[in-house]
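Only one structure is covered here, and it is reproduced in the block below.
Only the coordinates and a few stated rules stand behind these numbers; no lab work does. From a predicted model like this one, the values you see are computed outputs, not experimental measurements. Here the Cβ positions follow ideal geometry from the backbone for every residue, glycine too, while neighbour counts run over all protein chains shown.
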Amino acid sequence: MSWNLLQPHPATPAPGFSLAVAIARLDARSLGLSWRLAGDLSRLNLPDRNPDPERRDELWRHTCFETFVRDSGEPHYRELNFSTSGDWAVYQFDAYRQGMASPAIITPPRIRVSLSPDALRLDVDLAPEVFGDLPAGPLRLALTAVVESGDGELSYWALNHPPGKPDFHHDDGFALTLWP
């Protein structure tokens, strides 16, 4: 498994932390994603485990691990959000921040969280239906995260940040190509 190092947005530094994401194909249409956040976790606000994880909006308001997926030749894309609580969300967009919908998902993502005082690992297995009508590949991915400090400040992490304010939906963020 190869790790991709994410960078905090220059306007939202997070000294003392590092964050990486790895991707693995589980089969032709299923993906496994792993985020590894290292640093003094006592300085962060991490949502507590939900005994009954569910689909939930606005996970990005707190620590949240995200992936944006699109067909390399199309404007539509999916946004996938995962919380340390085990809650999740999937959104479909017709184009850049347009036509947002919450597609039906029968098989929710499988989310596992491992914590130690100085490291967090969040692993997610995604069934093919999460990708909707996206082809098996090549896919363009934006790998991102929002990390909340104990005092409520948010830092925005991405493989690649576009110029200006943090914007995970921007085309420049889709910096990784995944081949079938």
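See the values below:
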{"item": "Residues of the range 9-56 satisfying the condition of being among the small types (Gly, Ala, Ser), over 19 Å from residue 114 (Cβ atoms) and touching an Asp or Glu at 6+ places or on another chain (Cβ under 8 Å)", "result": "16, 30"}
{"item": "Residues of the range 89-109 satisfying the condition of being surrounded by 15 or more Cβ atoms within 10 Å (Cβ to Cβ) and in contact (Cβ under 8 Å) with a residue 60 or more places away in the chain", "result": "93"}
{"item": "The range 25-51, residues that are within 12 Å of residue 122 (Cα to Cα) and hydroxyl-bearing (Ser, Thr, Tyr)", "result": "34"}
{"item": "The range 143-180: number of residues that are buried (at least 16 other Cβ atoms within 10 Å of the Cβ), out of contact with any strand residue (DSSP E or B) (no Cβ under 7 Å at 6 or more places or on another chain) and among the acidic types (Asp, Glu)", "result": "1"}
{"item": "Residue 36 more than 15 Å from residue 144 (Cα to Cα) and among the basic types (Lys, Arg)", "result": "no"}
{"item": "Residue within the range 5-24 that is touching a strand residue (DSSP E or B) at 6+ places or on another chain (Cβ under 8 Å), more than 15 Å from residue 144 (Cα to Cα), surrounded by fewer than 17 Cβ atoms within 10 Å (Cβ to Cβ) and not small (Gly, Ala, Ser) present", "result": "no"}
{"item": "The range 6-24, subset in a strand (DSSP E or B) and free of Cβ contacts under 8 Å to residues at least 24 places away in the same chain, residue farthest from residue 126 (Cα to Cα)", "result": "18"}
